[in-house]
Amino acid sequence: MTTIEKATLLDVNEINILVNKAYRGESSKKGWTTEADLLDGLRIDEDTLAAYINDEDAAVLKHSNGERITGCIYLKVNKNKLYICMLTVEPELQNTGIGNILLKEADKYADKVKCDTLWMTVISARKELIEYYERKGFKLTGEIRPFPENPTFGIKKKPIELIVMEKHKELTGQ
C-alpha cells in the first residue's frame with residue numbers, strides 16, 4: 001500500500017539517502033534523473049533536510065510503499081507562489097508514476113495554501129527533465145540563474161546554470 005504524507009524529523013536519514021542515491025553517484029545512473037555527469041558531492045544533507053521539515057512555510061512530502069520511502073518532494077510557500085524542489089524517486093522505480101503522483105500532490109498542496117503559481121529551477125543541460133516538466137504544464141520563463149557556488153548542492157563538473165519554469169493554475173477553493 002502506498003501513502004503520501006508529510007515527512008517528519010524521523011524521516012531525515014532515509015530521505016537523505018534516497019535523494020543522494022537518486023541524483024548523484026553510480027546508483028543514480030539506474031534512473032533517468034541522475035546529475036552524476038554534471039555534479040559531484042551531495043545533493044542534500046541531513047541538516048538542510050531537517051531545516052526544510054522544520055520550516056513552517058514548507059513541507060517535504062514523502063511517498064512510501066509500506067516498507068520504505070520511495071519518493072519525495074520539497075514544497076516552499078512564498079506569498080502566492082509554491083516553490084517545488086527535490087522531486088525524487090528511487091532510481092529503480094522511476095517511470096512507474098511516483099513522480100507524477102508527487103507532482104499532483106504539489107498541485108493539491110498549492111490549492112491548500114492558496115498558491116496560484118508553482119515554480120522550480122532546472123539545470124539547463126537537463127533537456128529530458130525540462131521536457132518532462134513541460135508535459136506537466138510548466139513553461140520556461142526565460143529567467144536564467146547561476147548554479148549556487150555552495151558544496152551543499154553539489155560541486156560542478158562543468159559549467160551549468162538553472163532555468164526557471166512556472167505553472168499557473170486556477171485555485172480550486174478547497
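Quick notes
- Thr70 being closer than 22 Å to Lys167 by Cβ, open to solvent by less than 10 Å² (accessible area, probe 1.4 Å) and either at pLDDT below 95 or of a type in the set (Ser, Thr, Tyr) (or both): no
- Scope region 1-18; condition of a type outside the set (D, E, K, R) and open to solvent by 70 Å² or more (accessible area, probe 1.4 Å); matching residues: Met1, Thr2, Leu9, Leu10, Asn13, Ile17
- Answer residue from region 107-150, given it is in contact with a strand residue (DSSP E or B) (Cβ under 9 Å, 6 or more places away or on another chain) and part of a helix (DSSP H, G or I) and is modelled with the lowest pLDDT among those: Leu129
- Filtered residue count, region 1-32, keeping only those that are in contact with a Ser or Thr (Cβ under 9 Å, 6 or more places away or on another chain) and assigned to a strand (DSSP E or B): 3
- A count restricted to region 130-157 and to residues that are in contact with an Asp or Glu (Cβ under 8 Å, 6 or more places away or on another chain), farther than 20 Å from Trp32 by Cα and not hydrophobic (A, V, I, L, M, F, W, C) stands at 5.
- Filter result for the condition that a residue is basic (Lys, Arg), closer than 25 Å to Pro151 by Cα and open to solvent by 40 Å² or more (accessible area, probe 1.4 Å), over Lys81, Lys62, Lys21: Lys21
- The residue that is surrounded by the most Cβ atoms within 10 Å (Cβ to Cβ), counting only those in region 24-56 that are among the polar types (S, T, N, Q) and in contact (Cβ under 8 Å) with a residue 60 or more places away in the chain, is Ser28.
A quick yes/no check of all residues on (1) open to solvent by 30 Å² or more (accessible area, probe 1.4 Å); (2) free of Cβ contacts under 8 Å to residues at least 40 places away in the same chain:
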{"residue": "Glu105", "(1), (2)": "yes, no"}
{"residue": "Ala110", "(1), (2)": "no, no"}
{"residue": "Val113", "(1), (2)": "yes, yes"}
{"residue": "Asp116", "(1), (2)": "yes, no"}
{"residue": "Arg135", "(1), (2)": "yes, yes"}
{"residue": "Glu143", "(1), (2)": "yes, yes"}
{"residue": "Glu149", "(1), (2)": "yes, yes"}
{"residue": "Thr152", "(1), (2)": "yes, no"}
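- Residue in region 156-172 that is out of contact with any helix residue (DSSP H, G or I) (no Cβ under 6 Å at 6 or more places or on another chain), under 20 Å from Glu56 (Cα atoms) and either modelled with pLDDT under 95 or open to solvent by 30 Å² or more (accessible area, probe 1.4 Å) (or both) present: no
The values are calculated or read from the model by the stated rules, or taken from the named source; none is laboratory data. All of these numbers come straight from a predicted model, not from anything done at the bench. FYI the Cβ positions are ideal-geometry reconstructions off the backbone, even for glycines, and counts take in every protein chain you see. These accessible areas exclude ligands, DNA and RNA; they are computed on the full protein's heavy atoms, side chains included. Shrake-Rupley method; radii C 1.70, N 1.55, O 1.52, S 1.80 Å.
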